[in-house]
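Asker: Input: one structure, supplied below.
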Amino acid sequence: MGRDQPADDQKPAGDKSLGGPFEPPERQDAIGKLLQSANTPGVDCSSVYKSKRPADEVGAVVFDSCYHGQTDRSGRSRELPTRVMQPGADGIPKPKVESITTEGVTMDSRRLDVFVHALPAVRPVSFVNGEKRSAGTAAMVAPDGLMVTNNHVVDGSDGTVKVQMMNANGTLEDRTARVVKLNPKQDLALIQLDAKPGETFAALPISKRTDWVAREPLVEMGNANGEGKISMSKARYGTMVNQSEIPFKEQPPDVLQGRTMYQLDATVPQGYSGGVVLSVPGSARNGNSVERLGTSAIRGITTYSDLTNKSYIIPAARVQFMLDEYRKEQAASRVKK
């Protein structure tokens, strides 16, 4: 069994203490408040703690200021309610609210850190075209509003889909996106968000790593059961599989049956199609603060699950290839004009 991978595109930083020396609680609390006010002077953490908002509503700035590495007066880590996928009693996976500590060094808190920061870029996508209805997930891969999803998520649309975007203040807004490139054999699609003049978006980097570590910890994010809310699944790398070997009755008919995919141990429902699989950076406690060891990146795109705590993903390299191909097509089109 392999050890946890501390960060994407980064070598392990060594076995730093994950417990570390603690200051007295009252001093730790005072220093924490000082750091909060210095880093984000406009955030009132006391009111944030009282509101008890869930993780998908606090936003990355509030999370960094009031939760990441912060403790209460007793020296205990704070907790944040988070939608985490669990097996349902009826066999259908469902998101359940789980209180995750924000220590910053435990595996769950590191996954929570990834989830909160990726939320603005991982969004529900849907369309209605006559009797045809579809709902899944899309992820932002470029600041100009280009997103990746599955071909089967947009298949049957009239070329436009609805994306529920999250604004910087945490509010939600329905936007329109155009389908600009399809690759049915790989079950991938690119959609272009209709951006306002001068508008840019927070995009997720695509990992350049092609190797996998046994039981590598991952975060899988998606629109659970098409309900329009993003949740996370605590995933781990399983194995490499061939498309034709996957026992799933409703495989997309157009996909390349000889393609290799990756199997994860994860509880994933319908609606996670097109969602991202993200690496989990390491972190270490350094006195009163928690240091992030690297950043997260897209390791793959979920294509479907067989509802037996297994999910199947398309590796990030194929997403990057499709993105590069699209950019070349755009450049060639501009030259012709």
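Asker: What number, in percent, do you get for the relative contact order of the chain if the mean sequence gap of Cα pairs under 8 Å and at least 6 apart is divided by its residue count?
Answerer: Relative contact order, the chain: 20 percent.
Asker: Also: Would you calculate a helix-derived [θ] at 222 nm for the chain, using -39,500 (n - 2.57) for each DSSP H run of n ≥ 4 and dividing by the full residue count, to the nearest 500?
Answerer: The helix-only estimate for the chain comes to -6000 deg cm²/dmol at 222 nm.
Asker: Then there's this: Looking at the chain as a GNM with Cα springs under 10 Å, which of Pro205, Pro315, Pro197 has the largest mean-square fluctuation?
Answerer: For the chain, modelled as a Gaussian network with Cα springs under 10 Å, the answer is Pro197.
Asker: Given the options Val277, Val62, Val319, which has the most mean-square fluctuation in a GNM of the chain, springs set between C-alpha atoms less than 10 angstrom apart?
Answerer: So, out of Val277, Val62, Val319, the one fluctuating most is Val62.
Asker: Ok, one more. Using the alpha-carbon centroid of each, what span in Å lies between segment 117-131 and segment 62-85?
Answerer: Segment 117-131 and segment 62-85 have Cα centres spaced 28 Å from each other.
Asker: So, one more: Kindly express, to the nearest 10 degrees and within the range 0 to 90, the angle between helix 107-118's C-alpha long axis and the longest C-alpha principal axis of the chain.
Answerer: Orientation of helix 107-118: about 60 degrees from the principal axis.
Asker: Could I ask something else about it? Taking the chain as a Gaussian network, where each spring joins two C-alpha atoms under 10 Å apart, which residue of Ser311, Ser77, Ser296 fluctuates the most?
Answerer: Comparing Ser311, Ser77, Ser296 in the GNM, the peak value goes to Ser77.
Asker: What do you get for the angle between helix 25-39 and the principal long axis of the chain? Use alpha-carbon atoms, 0 to 90 degrees, nearest ten.
Answerer: Computed tilt is about 50 degrees.
Asker: Here's another thing I want to ask about it. Length gain on complete extension for the stretch Ile246 to Ser289, per 0.36 nm per residue less the alpha carbon to alpha carbon distance? Display every interim value, and only then the final one.
Answerer: Details: separation 43, 0.36 × 43 = 15.48 nm, distance 4.49 nm.
Taking 0.36 nm per residue and subtracting the Cα distance, the gain is 11.0 nm.
Asker: Remind me, relative contact order of segment 122-203 in percent, using alpha carbon pairs under 8 angstrom and six or more residues apart?
Answerer: On the way: 178 pairs, mean separation 25.6, N = 82.
Taking the mean separation of contacting Cα pairs over the length of segment 122-203, I get 31 percent.
Asker: So, R0 is 30 Å and r is the distance between the beta-carbons of Lys336 and Glu199; what FRET efficiency does that work out to, to 0.05?
Answerer: Details: r = 27 Å, r/R0 = 0.89.
Calculated value: 0.65.
Asker: Towards the positive end of the charge dipole of the chain, with charges on Cβ (+1 Lys, Arg; -1 Asp, Glu), say which of Thr102, Val319, Leu278 has the farthest Cα.
Answerer: Highest projection toward the positive end goes to Val319.
Asker: Same structure, new question: Please give me, ordered by residue number, the trypsin sites (Lys or Arg not before Pro) of segment 190-222 that lie in loop per DSSP and have at most 12 other Cβ atoms within 10 Å.
Answerer: Lys208
Asker: Considering Cα pairs under 8 angstrom that are at least six residues apart, work out the relative contact order of segment 217-322 and quote it in whole percent.
Answerer: Answer for segment 217-322 is 27 percent.
Asker: Multiplying the sequence separation of Asp211 and Thr106 by 0.36 nm and subtracting their Cα-Cα distance, what value in nm do you get?
Answerer: Taking 0.36 nm per residue and subtracting the Cα distance, the gain is 35.4 nm.
Asker: Mind checking the dipole of segment 122-203: about its Cα centre, +1 per Lys or Arg Cβ, -1 per Asp or Glu Cβ, Debye to the nearest 20?
Answerer: With Lys and Arg at +1 and Asp and Glu at -1, about 100 debye.
Asker: Where in segment 133-152 does the label zone of Lys229 land, with the point 7 angstrom along Cα→C-beta and an amide N cut-off under 19 Å?
Answerer: Counting only backbone N, you get 135-138.
Values quoted throughout were computed directly from the atomic coordinates according to the rules given, and no laboratory measurement underlies them. Nothing here was measured: the structure is a model prediction, and the numbers come from that model. Reconstructed Cβ throughout: ideal geometry from the backbone, glycine too, with neighbour counts over all protein chains shown.
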